[in-house]
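Student: Below you'll find the structure I mean.
The values are calculated or read from the model by the stated rules, or taken from the named source; none is laboratory data. The shown structure was predicted, so the numbers you read here are calculated from the model rather than taken from an experiment. Positions of Cβ are generated from backbone atoms using ideal geometry, with glycine treated the same way; all protein chains shown enter the neighbour counts. Please note that ligands, DNA and RNA were not included when accessible areas were found on the heavy atoms of the full protein model with its side chains. Shrake-Rupley method; radii C 1.70, N 1.55, O 1.52, S 1.80 Å.
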Amino acid sequence: MLELAKIPFPEVKRLVESTRALTILPVGVVEEHGAHLPLGMDSFAAEVYAASAAPHLEEAGYEVVVAPTINYGVARAAIDFPGTLSLEPATLCSMVAEIGKSLARHGLKRLVILNGHRDLHHMKALDDAKNLLVQDKTAQVLCVGFVSDPDITAACYREGVRQFYRSPRPDREGHGGESETSVALHSFPESVKKEVIGELDPNFDYDVEAFRNETKDYGSISDGRGYFGWPQAATAETGKQLVAVRGRNIADVILKAWGALKA
Ligand SMILES: [Zn+2]
C-alpha cells in the first residue's frame, strides 16, 4: 500500500502505467465521540480500515494507493458539542468530486471513497460526488464504509462481527460506544482518555429512531454524554478483531463490484 502524499511523482507515473492502481480516499469528520474519544475518530477509523482492506485488494492484483484523508465533513447532529465542525454538503461534494477529477486526470481512474462517518447528509454528499464523476465517465467510483445504501454499510461494518461484542445490548451500540471505543483502543490508544472510560455508564435507553434518522441532536438524546452504548465493554482485542473483519469485508465489497485483476 502506498500513500499518495508520501511518494514522488515518478512513482505515480509508474503506478498509472501498471494499470493496476486503485485509489482509496478515506473520509471522516471532526465530531464529538463522547468524553473519552478524539474528535477525529471517524477520520482515523477510515484510515485504519483502508490499511486493513489494502492487503486483500493487493492479493487480488490491485496496487493500492491511499490519498490523504478528508478530515472534514457534514456533522449536524453533534454540532452543539465543543469542537464539532460541519461543512455544507455541497462543499464536501465539490471537494470529493474535484479530488476525483484530479486523480483521473493523471490516469488514477479507480476511486474508492471509504467513509467512516455516519450522517445522512454527509453520505448523500459523497453519493452526489460519485454520481458527478461517474456521469462524466471521469472515473470508476465506489462508496464503501458508511454509505446511503444500508445493505452496503452492513456488508462493510456489521457482517461477521456480532460475536465480538461484550455489551449486553449490541443492538444499542453506536456512536462512541463499544465498537468505536474498541477500534480506538487498538489502533490509536494514545488518543483515548482511558481514565475517563470507567466513569461512563451504559447509554442503552435512548431514542433509537431519532438517532438513526437524525431527527434530534446527539446532545438531547444522550443527556449531553455524546455516546450511545457502553464504552466500558470495549477492549483493544475486540478492536483488533473488528478492524481485521471489517477490512476484509470492505475488500470483499470492492471485489464483488469490480472483480479481481487477471495476473
Ligand atoms: Zn464515529
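Student: Residue under question is Gly145, and the condition is that it be surrounded by 18 or more Cβ atoms within 10 Å (Cβ to Cβ), at negative phi and within 14 Å of the ligand (Cβ to nearest atom); does it hold? Lay out the reasoning, then the answer.
Tutor: Values: surrounded by 18 or more Cβ atoms within 10 Å (Cβ to Cβ): yes; at negative phi: no; within 14 Å of the ligand (Cβ to nearest atom): yes.
Taking the combined requirement at face value, the residue does not satisfy it.
Student: Does region 192-205 include one or more residues that are in contact with a Phe, Trp or Tyr (Cβ under 6 Å, 6 or more places away or on another chain), modelled with pLDDT of 95 or more and either in a loop (DSSP other than H, G, I, E, B) or farther than 30 Å from Thr23 by Cβ (or both)?
Tutor: The initial filter retains those residues of region 192-205 that are in contact with a Phe, Trp or Tyr (Cβ under 6 Å, 6 or more places away or on another chain), namely 202-203.
After this cut, where a residue has to be modelled with pLDDT of 95 or more as well, the list is 202-203.
Narrowing further to those that are either in a loop (DSSP other than H, G, I, E, B) or farther than 30 Å from Thr23 by Cβ (or both): 202-203.
Checked against the condition, which is being in contact with a Phe, Trp or Tyr (Cβ under 6 Å, 6 or more places away or on another chain), modelled with pLDDT of 95 or more and either in a loop (DSSP other than H, G, I, E, B) or farther than 30 Å from Thr23 by Cβ (or both), region 192-205 yields at least one hit.
Student: Specify which of the listed residues (Arg76, Arg118, Arg20) is among the charged types (D, E, K, R) and more than 27 Å from Arg248 (Cβ to Cβ). Explain how you work it out, then say what you get.
Tutor: On the way: Arg118 fails: more than 27 Å from Arg248 (Cβ to Cβ); Arg20 fails: more than 27 Å from Arg248 (Cβ to Cβ).
Testing whether each residue is among the charged types (D, E, K, R) and more than 27 Å from Arg248 (Cβ to Cβ) leaves just Arg76.
Student: Something else now. Kindly evaluate Asn249 against the criterion of being modelled with pLDDT under 95 and either open to solvent by 20 Å² or more (accessible area, probe 1.4 Å) or touching a Cys at 6+ places or on another chain (Cβ under 6 Å) (or both). Walk me through how you get there before you give the answer.
Tutor: Details: modelled with pLDDT under 95: no; either open to solvent by 20 Å² or more (accessible area, probe 1.4 Å) or touching a Cys at 6+ places or on another chain (Cβ under 6 Å) (or both): yes.
No.
Student: So, in region 142-175, exactly how many residues are within 16 Å of Asn115 (Cβ to Cβ), in contact (Cβ under 8 Å) with a residue 40 or more places away in the chain, of a type in the set (A, V, I, L, M, F, W, C) and in a loop (DSSP other than H, G, I, E, B)?
Tutor: Selection size over region 142-175: 0.
Student: Okay, next question. Please count how many residues of region 72-82 are crowded, with 18+ Cβ neighbours inside 10 Å and either over 19 Å from Ala125 (Cα atoms) or among the charged types (D, E, K, R) (or both).
Tutor: 1
Student: Oh, and also: For Arg162, all conditions in the list (1) at pLDDT 95 or above; (2) surrounded by fewer than 24 Cβ atoms within 10 Å (Cβ to Cβ) hold save one; what is the number of the exception?
Tutor: Checking Arg162 against (1) at pLDDT 95 or above; (2) surrounded by fewer than 24 Cβ atoms within 10 Å (Cβ to Cβ), the one that fails is (1).
Student: State the number of residues belonging to region 24-71 that are under 25 Å from Ala125 (Cα atoms), touching a Phe, Trp or Tyr at 6+ places or on another chain (Cβ under 9 Å), away from the ligand (no atom under 16 Å from the Cβ) and assigned to a loop (DSSP other than H, G, I, E, B).
Tutor: Qualifying residue count, region 24-71: 0.
Student: For Pro189, are the conditions met, namely being more than 30 Å from Gln140 (Cβ to Cβ) and surrounded by fewer than 21 Cβ atoms within 10 Å (Cβ to Cβ)? Don't jump to the end; show me each part of the working.
Tutor: Details: more than 30 Å from Gln140 (Cβ to Cβ): yes; surrounded by fewer than 21 Cβ atoms within 10 Å (Cβ to Cβ): yes.
Yes, satisfied.
Okay, residues lined up against (1) surrounded by fewer than 18 Cβ atoms within 10 Å (Cβ to Cβ); (2) under 20 Å from Lys109 (Cα atoms); (3) within 12 Å of the chain's Cα centre (by Cα); (4) of a type in the set (D, E, K, R):
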{"position": "Phe9", "(1), (2), (3), (4)": "yes, yes, no, no"}
{"position": "Leu25", "(1), (2), (3), (4)": "no, yes, yes, no"}
{"position": "Gly34", "(1), (2), (3), (4)": "no, no, no, no"}
{"position": "Leu39", "(1), (2), (3), (4)": "no, no, no, no"}
{"position": "Phe44", "(1), (2), (3), (4)": "no, no, yes, no"}
{"position": "Val48", "(1), (2), (3), (4)": "no, no, yes, no"}
{"position": "His56", "(1), (2), (3), (4)": "no, yes, no, no"}
{"position": "Glu59", "(1), (2), (3), (4)": "yes, yes, no, yes"}
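Student: Out of region 211-238, which residues are within 15 Å of Arg169 (Cβ to Cβ) and assigned to a loop (DSSP other than H, G, I, E, B)?
Tutor: The answer is Ser222, Tyr227, Phe228, Trp230, Ala234.
Student: Please determine whether any residue of region 167-186 is basic (Lys, Arg), away from the ligand (no atom under 16 Å from the Cβ) and open to solvent by 40 Å² or more (accessible area, probe 1.4 Å).
Tutor: To start, the set of residues in region 167-186 that are basic (Lys, Arg) comprises 169, 172.
Cutting the leftovers down to away from the ligand (no atom under 16 Å from the Cβ) gives us 169.
Among the residues that remain, those that are also open to solvent by 40 Å² or more (accessible area, probe 1.4 Å) are: 169.
Yes, region 167-186 has at least one match.
Student: Restricted to region 112-127, and to residues that are within 15 Å of the ligand (Cβ to nearest atom) and assigned to a strand (DSSP E or B), which residue is nearest to the chain's Cα centre (by Cα)?
Tutor: Selected residue: Asn115.
Student: Looking at region 92-127, which of its residues are of a type in the set (D, E, K, R) and touching a residue at least 12 places away in the same chain (Cβ under 8 Å)?
Tutor: To start, the set of residues in region 92-127 that are of a type in the set (D, E, K, R) comprises 98, 101, 105, 109-110, 118-119, 124, 127.
Scanning region 92-127 gives Lys101, Lys109, Arg110, Arg118, Asp119, Lys124, Asp127.
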